[in-house]
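The block underneath contains the structure these notes are about, expressed in structure tokens.
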Amino acid sequence: MNKRTKKKQLEIEVKQLKSELFLLSSENLQLFDKLNECKTELNTLSQALKRHEVICEKNIEQTNKEFDSIKKELKRSKKSFFKR
């Protein structure tokens with residue numbers, strides 16, 4: 001293979017590699033955007049979960065207070081829960 005043919009072949013190979021690099025860069029940008037969307041959604045879900053946990057904790061505390069009140073009332077009346 002002479003130098004001219006080899007040079008031409010290398011030029012073609014370099015063009016192909018540049019095209020592949022461009023396609024990969026474009027795909028990487030798309031994946032990066034998708035990753036950012038997922039991070040945003042995860043953050044939103046995490047905040048919603050925290051709010052849900054706070055609300056549930058308050059509901060549990062309120063329910064426990066009401067249950068304690070009912071238990072005290074039952075003890076005062078000296079009746080079992082099922083006989084009431």
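Of the residues Thr44, Thr40, Thr63, Thr5, which single one is of a type in the set (Ser, Thr, Tyr) and either touching a residue at least 60 places away in the same chain (Cβ under 8 Å) or exposed (fewer than 10 other Cβ atoms within 10 Å of the Cβ) (or both)?
Going through Thr44, Thr40, Thr63, Thr5 in turn, just one is of a type in the set (Ser, Thr, Tyr) and either touching a residue at least 60 places away in the same chain (Cβ under 8 Å) or exposed (fewer than 10 other Cβ atoms within 10 Å of the Cβ) (or both): Thr5.
Can you spot a residue in the stretch 51-58 that is of a type in the set (Asp, Glu) and under 21 Å from the mean Cα position of the chain (by Cα)? I'd like the intermediate steps shown before the answer.
So in the stretch 51-58, the residues of a type in the set (Asp, Glu) come out as 53, 57.
Okay, now just the ones that are also under 21 Å from the mean Cα position of the chain (by Cα), so 53.
The answer is yes, given that some residue of the stretch 51-58 is of a type in the set (Asp, Glu) and under 21 Å from the mean Cα position of the chain (by Cα).
No value in this document is a laboratory result; all are computed from the given coordinates. For clarity, every value in this text was computed on a predicted model and none was experimentally measured. Here Cβ is always computed from backbone atoms with ideal geometry, including for glycine, and neighbour counts include all displayed protein chains.
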